[in-house]
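Novice: Let me begin by handing over the structure; questions about it come next.
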There are 2 protein chains.
Amino acid sequence: MKNLCLLGATGSIGTQVLEIIREKNIYNLKSISFGKNIKLGKKIIEEFQPEYVSVLSEADMVNLQNEYPKIKFGCGEDSLITAATYAPGTLVNALVGMVGVKPTIAAIKKGMRILLANKETLVVAGDIINRLLQEHETELIPIDSEHSALFQCLQSGSKKEVNRLIITASGGAFRDRTRSELKDVSVVEALRHPNWEMGPKITVDSATMVNKGLEVIEAHYLFEIDYERIETIIHPESIIHGMVEYNDKSIIAQLSLPDMRLPIQYALMYPQKLSNPKFRSLDLAELSTLTFKKMDFERFPALGMAYQAGKAGGLMPAVFNAANEVAVSLFLKGKIKFLEIEDIIEEALESFENQANPTLEEILAADSKVRTCILEKYEVK
Amino acid sequence: MKNLCLLGATGSIGTQVLEIIREKNIYNLKSISFGKNIKLGKKIIEEFQPEYVSVLSEADMVNLQNEYPKIKFGCGEDSLITAATYAPGTLVNALVGMVGVKPTIAAIKKGMRILLANKETLVVAGDIINRLLQEHETELIPIDSEHSALFQCLQSGSKKEVNRLIITASGGAFRDRTRSELKDVSVVEALRHPNWEMGPKITVDSATMVNKGLEVIEAHYLFEIDYERIETIIHPESIIHGMVEYNDKSIIAQLSLPDMRLPIQYALMYPQKLSNPKFRSLDLAELSTLTFKKMDFERFPALGMAYQAGKAGGLMPAVFNAANEVAVSLFLKGKIKFLEIEDIIEEALESFENQANPTLEEILAADSKVRTCILEKYEVK
């Protein structure tokens with residue numbers, strides 16, 4: 001049995017990770033973290049008997065410690081690092097947000113294999129992560145469906161033979177609307193994703209195409225490919241998740257039904273592609289049609305901003321990410337309109353002074369600063 | 001420079017092989033064969049200066065020998081074996097028909113790498129070829145676009161993890177016609193392939209779906225996969241050439257514009273995927289739609305016969321192939337109607353007695369016998 005540390009155990013990715021390790025009995029769940037969903041967290045504790053559990057609040061920690069005296073509990077950010085590195089082996093980082101960055105770094109420093117679902121890790125600290133992965137001779141495998149697709153397609157050739165990566169985008173909830181039709185869209189409308197069921201933040205990010213922008217930045221670091229060679233294309237059916245065009249213009253693509261358990265199992269079992277009775281075959285004849293549309297950067301300006309932030313490097317990917325995160329939370333609270341998300345990101349990128357080769361502390365400081373500035377301006381409105 | 005022996009130099013595959021080796025200067029063309037196209041053959045001799053040339057007729061041999069005294073010439077089937085094995089290194093077998101089988105075998109026995117465009121080699125003698133490849137520790141790389149696609153997709157995983165191979169079929173010239181509309185189709189109509197420009201025999205084979213049947217049998221031997229795990233699907237655009245579904249239901253597919261130079265270059269340069277200024281990128285957004293339709297075995301009964309022959313093994317794939325070849329030539333000469341091609345194949349499969357583990361001689365004898373029987377019956381009509 002291999003050791004597994006799992007951050008974000010009660011979330012959508014976390015529960016699917018547990019489903020896979022329940023089915024494929026090769027991992028021993030040593031530690032977990034969870035946040036507000038105490039009920040589900042307790043179920044997981046009882047089923048998997050982890051040795052260490054990190055929770056959000058001190059009150060929860062105390063209560064749980066009383067209930068499960070044999071298990072160690074911790075709370076707060078430091079305990080996430082303890083949970084991430086509790087036992088040598090594999091870390092699945094399925095945390096949402098900036099809070100995921102430090103645990104990844106701590107685990108890499110211990111030489112652990114990283115299975116990454118936390119977007120922020122690579123987006124804000126891609127250079128640092130890549131340097132550490134090399135230094136500590138360990139590997140990072142993506143869990144995101146698009147990056148898992150690219151990762152699988154890259155097995156067919158060598159990185160230096162890649163002509164371009166093509167990431168598909170469903171187009172999100174508003175793909176058939178013009179910009180002028182977006183002025184007064186409601187939160188409820190923004191949360192209706194056509195193909196995937198995901199959390200509210202990522203669903204809004206799909207509608208603004210920020211999600212694809214973050215994926216482009218992640219792909220840049222993950223596969224060490226220039227932004228000029230990373231393309232996006234609208235593919236409403238979400239069947240082809242990613243494609244690699246090699247130098248000979250031959251494209252290798254990965255297709256499947258939209259089911260996050262596939263990339264999760266692939267990452268957990270890599271390099272094996274194991275059968276799983278719960279996974280359904282894709283029937284292309286039944287589906288009958290796959291469609292594609294050129295990405296429209298006028299319609300989705302936030303994607304262009306992501307490329308701009310990515311190419312600038314330094315602090316800008318963190319600025320892009322922080323501005324978006326705050327803007328989306330303001331939108332979800334009804335404090336700003338949908339199109340203002342883009343305005344806020346643009347303003348942040350324009351006003352923030354960049355810096356080359358920032359340290360993690362400088363990145364985290366920039367992140368805080370951007371958030372504070374935006375909140376000061378918009379929360380009081 | 002590596003040595004290259006090329007059989008079928010003046011044909012469609014042969015000339016594209018020459019185009020690639022002209023562009024990528026890593027092969028030394030040591031020997032060639034060609035048939036009736038003496039004019040083009042002479043051009044190739046003058047440009048590439050091969051040391052040995054095999055031609056069809058003695059008269060051509062004598063004439064060419066006078067014209068090029070420094071080059072060795074031969075004629076007839078034995079000279080094809082001399083050409084195939086003239087120098088250690090790589091053989092490209094782009095011969096059409098049964099005549100291609102013996103040269104492949106001779107080259108494998110010399111430990112040469114085989115790049116195979118000759119369908120008959122694997123269809124009629126797949127078991128023998130696989131045994132010899134293992135014995136002589138050498139490899140066979142397919143040049144056909146579908147098999148090249150599968151070969152590329154299989155780089156992403158291991159053979160034992162394959163759930164199914166999916167071979168795409170354009171549907172051929174008559175894909176939109178019902179069977180009753182096929183009764184009186186002309187040769188000219190049958191030769192209009194929607195996507196690929198190919199020779200008359202293979203274009204008719206596309207219309208009857210025999211071509212896909214031969215590809216299924218080839219794939220069975222090439223990748224050592226059960227027939228139950230080899231599927232075909234109608235894909236009119238011919239953009240996805242082949243797909244591999246792994247056990248985890250993740251499909252890896254190969255896409256490109258229909259251009260035979262891609263699989264040819266891939267085979268010649270394997271495992272490298274090199275750029276080539278002449279190859280065009282596939283623009284999926286411009287293409288906009290890929291469509292798929294379930295294979296219809298009622299509409300294309302010859303495909304079912306191919307599976308039947310393949311599963312029976314022994315002599316039956318050779319019987320299937322021979323019956324089809326004679327039937328197509330009779331159709332092209334106007335001696336039979338289009339739908340009679342299927343009748344002839346069916347009759348041959350029903351009347352021929354099978355034999356397990358046949359020798360090459362027995363296979364070739366069966367081939368001759370089938371041809372003679374059919375010709376006797378139909379030529380005199």
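Novice: Express as a percent, rounded to the nearest 5, the fraction of DSSP beta bridges in chain B (both residues included) that run antiparallel.
Specialist: 30
Novice: What gaps in nm, shortest first, separate B:Lys337 from its twins in the other copies when you place the label 7 Å past Cα toward the beta carbon?
Specialist: Those label-point separations list as 6.9 nm.
Novice: Taking all protein chains in place and a 1.4 Å probe, what share, in percent, of the accessible surface of the stretch B:51-188 do carbon and sulfur account for?
Specialist: 50
Novice: Additional query: What residues have an amide H closer than 5 Å to that of A:Asn3, excluding those fewer than 5 places away on the same chain, when H is modeled at 1.01 Å from N in the peptide plane?
Specialist: Close amide H contacts, sequence-distant or interchain: A:Asn28, A:Thr90.
Novice: While we're on this one: Roughly speaking, to the nearest percent, how much of the stretch B:193-283's 1.4 Å accessible area is carbon and sulfur?
Specialist: Taking all protein chains in place, the stretch B:193-283 shows 46 percent carbon and sulfur surface.
Novice: Relative contact order for chain B: what is it in percent, counting Cα pairs under 8 Å that are at least 6 residues apart?
Specialist: Once normalised by length, the contact order is 14 percent.
Novice: Between the stretch B:165-244 and the stretch A:283-355, what is the C-alpha centre distance in whole Å?
Specialist: Result: 44 Å between the Cα centres.
Novice: What quantity of accessible surface, computed with a 1.4 Å probe and excluding non-protein components, is buried in total between chains B and A, in Å² to the nearest 100?
Specialist: 3400
Novice: Right, another one. Using a 1.4 angstrom probe, figure out how much accessible area the stretch B:2-142 has per residue, in square angstrom, rounded to the nearest whole.
Specialist: 42
Novice: What percent do you get for the relative contact order of the stretch B:147-312 when only Cα pairs under 8 Å and 6+ apart count?
Specialist: Relative CO of the stretch B:147-312 lands at 33 percent.
Novice: Could you quote the convex hull projected area for the stretch B:192-238, Cα atoms only and averaged over all directions, in nm²?
Specialist: Its Cα hull, projected and averaged over all orientations, spans 3.6 nm².
Novice: In nm, what does the list of distances from A:Thr359 to its counterparts in the other copies look like, shortest first, when each label sits 7 Å along Cα to Cβ?
Specialist: Output for A:Thr359: 8.1 nm, nearest copy listed first.
Novice: Provide A:Lys102, B:Lys212 ordered by accessible surface of protein heavy atoms (probe 1.4 Å), highest first.
Specialist: Heavy-atom accessible area, descending, gives A:Lys102, B:Lys212.
Novice: Continuing with this model, one more query. Tell me whether the stretch B:213-327 comes out rounded, prolate or oblate; compute the Cα gyration tensor, take square roots of the eigenvalues as a ≥ b ≥ c, and use a/c under 1.5 as the rounded threshold.
Specialist: Prolate.
Novice: Distances from A:Glu379 to the same residue in each other copy, label points 7 Å out along Cα→Cβ, in nm, shortest first?
Specialist: 9.4
Novice: Considering only DSSP beta bridges with both partners in the stretch A:147-312, what is the antiparallel share in %, to the nearest 5?
Specialist: Antiparallel bridges: around 70 percent, rounded to the nearest 5.
Novice: Can you list the HN-Hα couplings for the stretch B:61-72, worked out from phi with the Karplus curve (6.51, -1.76, 1.60; θ = phi - 60°), rounded to whole Hz and with x for Gly and Pro?
Specialist: Per-residue couplings from phi come out as 4, 4, 4, 5, 4, 5, 6, 10, x, 7, 9, 8 Hz.
Novice: Can I ask one more? Over the stretch B:2-142, what is the relative contact order in whole percent, taking alpha-carbon pairs under 8 Å and six or more residues apart?
Specialist: About 23 percent, as a whole number.
Novice: Would you mind checking which residues have amide H under 5 Å from A:Leu115's amide H? H placed 1.01 Å from N; only 5 or more apart, or other chain.
Specialist: A:Leu91, A:Val92, A:Asn93, A:Ile141
Novice: Per the Kirkwood treatment, what hydrodynamic radius in Å, one decimal, follows for the protein assembly as shown from the mean inverse distance over all distinct Cα pairs?
Specialist: 28.9
Novice: Two decimals, Cα atoms only, Kirkwood Rh: what is Rg/Rh over the stretch B:1-64?
Specialist: 0.95
Novice: Give me the percent of DSSP beta bridges within the protein assembly as shown that run antiparallel, rounded to the nearest 5.
Specialist: The answer is about 35 percent antiparallel.
Novice: For the stretch A:229-248, list whatever residues lose no less than 40 Å² of accessible surface once every protein chain is in place, relative to that chain by itself, with the probe at 1.4 Å.
Specialist: A:Asn247, A:Asp248
Novice: Provide B:Val204, B:Val187 ordered by accessible surface of protein heavy atoms (probe 1.4 Å), highest first.
Specialist: If we order B:Val204, B:Val187 from most to least accessible, we get B:Val187, B:Val204.
Novice: Turning to a different aspect of this structure: Run the 1.4 Å probe and let me know the accessible area of B:Lys72, rounded to the nearest 10 Å².
Specialist: Here the accessible area works out near 110 Å².
Novice: What value does chain A have for Rg/Rh, both radii from Cα atoms and Rh as Kirkwood defines it?
Specialist: 0.95
Novice: Across the stretch A:364-376, in residue order, what do the Karplus-derived ³J(HN,Hα) couplings come to in whole Hz, using 6.51 cos²θ - 1.76 cosθ + 1.60 with θ = phi - 60° and x for Gly and Pro?
Specialist: After applying 6.51 cos²θ - 1.76 cosθ + 1.60, I find 5, 5, 4, 4, 4, 4, 4, 4, 4, 4, 5, 4, 4 Hz.
Novice: Using θ = phi - 60° and the Karplus curve 6.51 cos²θ - 1.76 cosθ + 1.60, what whole-Hz ³J(HN,Hα) does each residue of the stretch A:96-104 get, with Gly and Pro shown as x?
Specialist: 9, x, 4, 4, x, 5, 4, x, 4
Novice: Right, here's the next one. Around B:Met112, under 12 Å between beta carbons, what's the net of Lys plus Arg minus Asp minus Glu among the other residues?
Specialist: +3
Novice: OK, next. Under Stokes-Einstein, with the Kirkwood radius over Cα pairs standing in for Rh, what whole-number D in µm²/s applies to the stretch B:2-142 at 20 °C and 1.002 mPa s?
Specialist: 145
Novice: What order do B:Phe297, B:Phe338 take when sorted by accessible area (1.4 Å probe), most exposed first?
Specialist: Ranking B:Phe297, B:Phe338 by accessible area, largest first, yields B:Phe297, B:Phe338.
The values are calculated or read from the model by the stated rules, or taken from the named source; none is laboratory data. On a predicted model such as this, the values are computed, not experimentally measured, just so you know. Ideal geometry is used to build each Cβ from the backbone, glycine not excepted, and the neighbour counts take in all protein chains shown. These accessible areas exclude ligands, DNA and RNA; they are computed on the full protein's heavy atoms, side chains included. Shrake-Rupley method; radii C 1.70, N 1.55, O 1.52, S 1.80 Å.
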